[in-house]
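Here is the structure we will look at, set down as C-alpha cells.
The values are calculated or read from the model by the stated rules, or taken from the named source; none is laboratory data. Keep in mind that what you see is a predicted model, and the values were worked out from it rather than measured. Glycine also receives a Cβ, built like all others from the backbone with ideal geometry; neighbour counts cover every protein chain displayed. These area figures cover heavy atoms from the full protein model, side chains too; ligands, DNA and RNA do not enter into them. Shrake-Rupley method; radii C 1.70, N 1.55, O 1.52, S 1.80 Å.
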Amino acid sequence: MAIDTHPTTTGPRPATPEDTRLSGRARLVLFVLCAAQFMVALDFSVLNVALPVLGEDLGLGRSALQWAVTAFALPSGGFLLLFGRIADLYGRKKLFLIGLALFGAASVLATLAWDPASFLTGRALQGLGAAVIVPTGMSLLTTTFPEGPLRDKALGISGTLLSLGFTVGMVLGGVMTDTLGWRSTMGLLAVASVVVLALAPGLLPESRTAERPRLDVPGAVTVTGGLLALIYALTTAAERGFGDADVRGTLVAGLVLLTAFVAVESRSPAPLVSLPMLKRRTIAWGNIGGLVTFSMMSTVVFVLTLYLQETLELSSFRTGLVFGVQGLASVLAGSYASKVIGRFGARRTLVGSLLGQGLLGVALLGVGTGSGALLATAAVSLASMCHLGAIVSYGVVVTSGVPDEEQGLATGLVTTTQQVGITIGIPLLGVLATTQASLFDGVRTVLAVDAAIVIAAALLVGLGLGRRKA
C-alpha cells in the first residue's frame, strides 16, 4: 500500500514512481519507520564503552561481559526471517507494534536490572523485539513507498540513519555512561520506543498478503536454530578461538541446520524462503554485496577503535570525534544516495561503492605507530560514504521487482543479511588483531584482509549481476 506523496486540492491520489516529493504525512510515516530502525542500530553499539562499568555494577566477570552483546545479537539475528514471514501473513503493522512494545518493556527491565540474570534477560528480550521491528519496519517501508525514485529516497534516508545509529551509539554511550551512568543508555532506548509506539498506530497503514498459507514450521525451526547456532559460534569465537570444542560443535550444528533448511524449503508447499527467489540474480548477488559491506565495515570500525586508543593513545573523547566525523560523512552520503542510484543505476552504484570501500581500506594501511589519526579519520569517513552507498543500493537491488506479497520475504533477507553481517565480521577478522604479539601489526593484517575481501566482492557482484541495470 503506497501513500500519497504530496497534498492535492482534490483529495488523495496514488504516488507515482516519478514523484519524489514527500507530503507532511509521508514524512511522519518515514520518521516513525526510520526512528525504529535507528533505535535498534543504536542498541547494537551504545553499551560497548559501558561494559566495564556495567560489569562492576552487576557483578559480571570479564569473561561474561560479552553476553551483554551476545544476548541481544542471538535473537535479533536468529528470528528475523521467521518474524518477517509471520508479518506477511498476519499483518506487518500489527507485528511492528508488538515488537515496539516488547522492545520498550525489555529496555525498562534492562534499565532496572538488579543482577546479571535480569539484565541478560532484558537484553535477550530486546533482541527478540528487534527481530520483530527490523523486518516489519522494512516491509512497511517498501510496501508504503512505491518502487522507483520515491522508494530509493526512503531507503536512502533509512540506510543513513541505520549506519548513523551505530556511530552515534559509540559516541553517545561514552558520554551518557560518564555523566549519567550505564543505566541511562538502556533508559534512552525505553523512552525512544515509547515515543515511536505512541506515533505509529495512527500513521502506519496495515498490510499483509492477500492469501494466508500455513506457516512453514519445519523451515522456521531449522533456519532459526541454524542462525542462532551460527551467530553464537562466531560471537564466542572472538574470545575462545575457533579451536574451542564448544565453538566448533556449535558451528557445525548451525551449518547442518541451515543445510536441512534448504532441503525442507525445496519440498515445502508454503516455504518460509522461496528458493526460486534466491535464484534471482538481484536477490542472491545483492545480498552478498550487503553481507560484505556490513561485515567488513564493522570490522574496520572495531580495529580502528583499538588502534586509536591503544596504539596512538587517544582519549575516548578524541576517538569519539573521529567516529563523529564518520557519522557526518554517512549523513552526507545518504542525502545523495538515491540521486546517484537514479543517475547510474543500483547495480553500478553497488559495485562502485564496494570498490571504493575496498580501496579506501587499502589507504588505511598507511597509518603508523606515531601518527595516523588524520589519515584514519579521512579514510574511514570516505569509506563510510561508500559503505552507505552500498547499503542503499543493495536494498534497492534486492527489493526491486518483488511483488508486495513477497516483500516480507525479500526484506527479511535484507535485514538478516544486515544483522548477520554486523555479527560475523568482528569474530572472523577482529581476532587477528587481538591475538598477535603486536596490536599494530594485527590491525594492519585485518585492514589488508578486509580490503581484499571487499574488492573481490565488488568484482564478483559486478559479474554476478551482469551488465543489465538492476
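Listed values, structure above:
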| quantity | calculated |
| --- | --- |
| Residue-span extension gain [Asp57 to Lys339] - 0.36 nm each, minus C-alpha spacing | 96.7 nm |
| Val362-Ala263 FRET efficiency (beta carbon distance; Förster radius 56 Å; 0.05 resolution) | 0.85 |
| Two-site FRET efficiency, Glu206 against Lys279, from Cβ-Cβ distance with R₀ of 25 Å, rounded to 0.05 | 0.20 |
| Inter-part distance where region 255-300 and region 336-394 are each reduced to a Cα centre, Å | 25 Å |
| Heavy-atom surface of region 276-335, accessible at 1.4 Å and reported per residue (Å²) | 42 Å² |
